[in-house]
Amino acid sequence: RSEEALRIAKHVIDEIARKVNIVDVVGDYVSLKRQGTRYWGLSPFTSEKTPSFSVEPDKQLYYCFSSGKGGSVFQFVMEMEGLTFPEAVRLLGEKAGVQVESGEQDADARKYDALRELNTRVAGSFRHIFLHSEGAREARQYMQGRAISPETLERYEVGYAPKDRRWLHRFLRGKQYSEQFLAESGLFSRRHASVALFSHRVMFPIFSRRGEVVGFGGRQLGDFGPKYMNSPESPIFRKRDELYGLYQALKSIKDHEEVYLCEGYMDVLALAEAGVANAVAPLGTSFTEGQARMLRRYASRVILLFDADSAGLNATRRAAQTLETAGLEGQVCILPEGTDPGDILESGGPEQLQKKLTYTKNVLDYLVDSAVRSTNIDTPSGKEFVLQEVFPYIKSIGSAVRQEASLQLVADALGVERQTVERDFRAGRTRVSTPQNRASEQHTPFDLYLMLATMANRGLFSFVRTLLSVEDLRDERAREVFIALEESLRAGEESTELLLERIENEELRRLIVERVTSEEFALNGEAIVRDTAYRIKQRNLQERRKSIEIRLRRGETADDEEEIELLHEQQYLDAELRKLRVLIDDRIAK
């Protein structure tokens, strides 16, 4: 979101969300008819004859089953009017009779400015250490080994975070920054306020498109921690709204009206080293619609440059659909299998990488070729596999002419009549494998199922959080939903907009909107939440008890004292399991 958006008080957004009626707002754009508890109409995003656009007034959400778009009333106005978030807030504020003043939170605005100033100072310090400290020798050698020149490192202000995890805190406290401010900066551990989040890492400052340092990425040099790590979300940094390298690439993107979309930091630096200045990368997440809309301001074509493995193919497919939705032309750059731009730069130099970048295909050719290579198209199941792989992308194409041409290309590749492929496409006979419906068509993980049901029945979260902690959930998406609900509860927020904004994973947000607006949790929602939560608690207790039982049976205790402690814990777990069994049996009896 823009700086202006950050200055709009959350309580103002919450008040607008409470006062506007999403049915009235959507009704200004779509003819809606009530069916049960929901309203239906023809999608404003796609051409269709059967209504697939749904509005859920109780949840204040909309969802379009044909395009996969959905969200709050703010998101709908942004989509329909092409507005920024602050502009949508103002428009809806006028409807609701709520005054929106961008200068309302002057104290917060000062804090945001201070955070940017802090990040700029820290980036400069990391850069100085990288250049002049003996402790940064390994970092300099690493970047030299990756064939990145000092000029490119200077352009992207690459730095180094020292091994001493308390150095940064001492340094900044010496500059008169307060403990509370540093704790909110995203530079330090949440559990240990004086311990730096980044240590012994090559540091990549992340710039906003206006040139402000809003966050950092760090590449591991030792054996501790994840290989790559980003700053956490903060008031000035949202991963899905930023692209690494965009600030440095802007002029080149405008000049060429095209941009290379890579996987990560080192890919962007490798392309820059090869003289390709118009390269950017998402920040460890899938390419988002917001990022696509931002690129559309400066370019008309995006060249996708992902790894040539299954994960890269999936990322390419998702990004291609996102580009189509945003009205951007997509191309795919084909690299030798098992290589990335950095590998080619190291082995062959800038000229070799430049040469490889000339090999591009349009998206559909790439998807069809990849699918054909992965199966036997002489069999009916092989043909069906190819259709499943390419139909989601063809469906995202807005032009009817291009859709027809795409279906002809697929038919030619399979050696069948176009009319046959078109009938399957129009009738939806193949199961369309898009990110948002894969999760709903396949079995939803138990933990995620609980949190989706809780999202649909937010009043029950107080029960869930007394029974379970976020550590009790195994599915990462379930954990993200739990944390979002917890933060929203503590902030006293009621609006769905603010809650969804806390979900970083865009595919997860789509899944939430889709499932919550369905009738899946409309009946017996409380029973679903309670029963599933009890089962998860029972599962975790049983596994802890089994682990203790195995250790005791194998004699894996250091001494008698540890064995006694394990026996006491086993007794406690037995008692807790008995209590749970009674609760579960009582619910079954009901």
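LYS383 fulfils the conditions (1) surrounded by 14 or more Cβ atoms within 10 Å (Cβ to Cβ); (2) out of contact with any Leu (no Cβ under 6 Å at 6 or more places or on another chain) except for a single criterion, (2).
For the stretch 378-421, filtered to residues that are aliphatic (A, V, I, L, M) and touching a residue at least 60 places away in the same chain (Cβ under 8 Å), the residue that is farthest from GLN321 (Cα to Cα) is ALA400. Under 6 Å between Cβ atoms, which residue pairs at least 6 apart in sequence (or on different chains) link something in the stretch 283-302 that is at negative phi and surrounded by 22 or more Cβ atoms within 10 Å (Cβ to Cβ) with a partner that is among the polar types (S, T, N, Q) and outside any helix (DSSP H, G or I)? Cβ pairs passing all conditions: LEU283/ASN230.
I'd like the full set of residues that are of a type in the set (D, E, K, R) and closer than 14 Å to ILE503 by Cβ, limited to the stretch 446-474.
Listed by number, the list holds a single entry, ARG458.
Of the helices (runs of 4 or more DSSP H) lying entirely inside the stretch 492-572, those containing at least 1 residues that are open to solvent by 40 Å² or more (accessible area, probe 1.4 Å) and under 20 Å from ASP472 (Cα atoms) span 525-554. Number of residues in the stretch 30-40 that are hydroxyl-bearing (Ser, Thr, Tyr) and open to solvent by less than 80 Å² (accessible area, probe 1.4 Å): the value is 2. Only residues that are surrounded by fewer than 20 Cβ atoms within 10 Å (Cβ to Cβ) and charged (D, E, K, R) were counted across the stretch 319-334, and they come to 1. Being closer than 25 Å to LYS69 by Cα, in contact with a Phe, Trp or Tyr (Cβ under 9 Å, 6 or more places away or on another chain), of a type in the set (Gly, Ala, Ser) and at pLDDT 90 or above is a property that holds for ALA320.
A search for C-beta distances below 9 Å between a residue of the stretch 118-135 that is aromatic (Phe, Trp, Tyr) and any residue that is in a helix (DSSP H, G or I), counting only pairs 6+ apart in sequence or on different chains, returns PHE130/ALA136; PHE130/ALA139; PHE130/ARG140; PHE130/MET143; PHE130/LEU153. Could you say whether any residue in the stretch 234-243 is at pLDDT 90 or above, open to solvent by less than 30 Å² (accessible area, probe 1.4 Å) and not small (Gly, Ala, Ser)? Yes, that holds for at least one residue. Is at least one residue of the stretch 279-297 assigned to a loop (DSSP other than H, G, I, E, B), out of contact with any helix residue (DSSP H, G or I) (no Cβ under 6 Å at 6 or more places or on another chain) and under 19 Å from MET203 (Cα atoms)? Yes, because at least one residue in the stretch 279-297 is assigned to a loop (DSSP other than H, G, I, E, B), out of contact with any helix residue (DSSP H, G or I) (no Cβ under 6 Å at 6 or more places or on another chain) and under 19 Å from MET203 (Cα atoms). Being under 30 Å from GLU351 (Cα atoms) and in contact with a strand residue (DSSP E or B) (Cβ under 9 Å, 6 or more places away or on another chain) is the requirement here; does GLU184 meet it? Against the criterion (under 30 Å from GLU351 (Cα atoms) and in contact with a strand residue (DSSP E or B) (Cβ under 9 Å, 6 or more places away or on another chain)), GLU184 does not qualify.
Filtering the stretch 190-199 to residues that are open to solvent by 30 Å² or more (accessible area, probe 1.4 Å) and either farther than 30 Å from LEU250 by Cβ or of a type in the set (Gly, Ala, Ser) (or both) leaves ARG190, ARG191, HIS192, ALA193, SER194. Of all the residues in the stretch 306-319, those that are closer than 26 Å to GLN403 by Cβ and either in a loop (DSSP other than H, G, I, E, B) or free of Cβ contacts under 8 Å to residues at least 12 places away in the same chain (or both) number 2. For the stretch 477-528, filtering for residues that are touching a residue at least 24 places away in the same chain (Cβ under 8 Å), of a type in the set (A, V, I, L, M) and over 21 Å from VAL89 (Cα atoms) leaves 11.
Taken together, VAL276, VAL259 contain a single residue that is over 19 Å from the mean Cα position of the chain (by Cα) and either part of a loop (DSSP other than H, G, I, E, B) or on the phi > 0 side of the Ramachandran plot (or both), which is VAL276.
When you check LEU353 against the structure, is it under 17 Å from ILE303 (Cα atoms) and buried (at least 20 other Cβ atoms within 10 Å of the Cβ), yes or no? Let's see the steps before the verdict.
Working: under 17 Å from ILE303 (Cα atoms): yes; buried (at least 20 other Cβ atoms within 10 Å of the Cβ): yes.
Yes.
The set of residues in the stretch 59-76 being buried (at least 24 other Cβ atoms within 10 Å of the Cβ) and under 21 Å from ALA9 (Cβ atoms) consists of SER72, VAL73, PHE74. For the stretch 103-111, indicate whether the set of residues that are on the phi < 0 side of the Ramachandran plot and crowded, with 19+ Cβ neighbours inside 10 Å is non-empty. Checked the stretch 103-111: no residue is on the phi < 0 side of the Ramachandran plot and crowded, with 19+ Cβ neighbours inside 10 Å. When residues in the stretch 193-219 are screened for being under 12 Å from PRO162 (Cα atoms), in a strand (DSSP E or B) and among the small types (Gly, Ala, Ser), 2 of them pass. One residue alone among THR358, THR322, THR375 is farther than 29 Å from LYS254 by Cα, without any contact (Cβ under 8 Å) to a residue 40 or more places away in the chain and either within 28 Å of the chain's Cα centre (by Cα) or not in a helix (DSSP H, G or I) (or both), and that residue is THR375.
Taken over the stretch 41-58, the criterion of being open to solvent by 30 Å² or more (accessible area, probe 1.4 Å) and under 26 Å from ALA400 (Cα atoms) is satisfied by LEU42, PRO44, PHE45, THR46, SER47, GLU48, LYS49, THR50, PRO51.
Just to be sure I understand, how many residues within the stretch 208-230 are closer than 14 Å to LEU115 by Cβ and crowded, with 22+ Cβ neighbours inside 10 Å? Of the residues in that region, 4 qualify.
Considering only the stretch 147-166, how many residues are open to solvent by 60 Å² or more (accessible area, probe 1.4 Å) and over 28 Å from the mean Cα position of the chain (by Cα)? Write out each step before concluding.
Here is the first cut: in the stretch 147-166, the ones open to solvent by 60 Å² or more (accessible area, probe 1.4 Å) are 150-151, 154-155, 157, 163-166.
Retained after the next criterion (residues that are over 28 Å from the mean Cα position of the chain (by Cα)): 150-151, 154, 163-166.
The number of residues fulfilling the criteria is 7.
The criterion of being assigned to a strand (DSSP E or B) and more than 17 Å from the chain's Cα centre (by Cα) does not hold for VAL268. Taking the criterion of being within 16 Å of THR120 (Cα to Cα) and open to solvent by less than 70 Å² (accessible area, probe 1.4 Å), the residues of the stretch 167-177 that qualify are LEU168, HIS169, PHE171, LEU172, TYR177.
The values are calculated or read from the model by the stated rules, or taken from the named source; none is laboratory data. Since the structure is predicted, the reported quantities are computational estimates derived from the model, not experimental observations. Positions of Cβ are generated from backbone atoms using ideal geometry, with glycine treated the same way; all protein chains shown enter the neighbour counts. Each accessible area value is taken on the protein alone, full model and side chains, heavy atoms only, with ligands, DNA and RNA left out. Shrake-Rupley method; radii C 1.70, N 1.55, O 1.52, S 1.80 Å.
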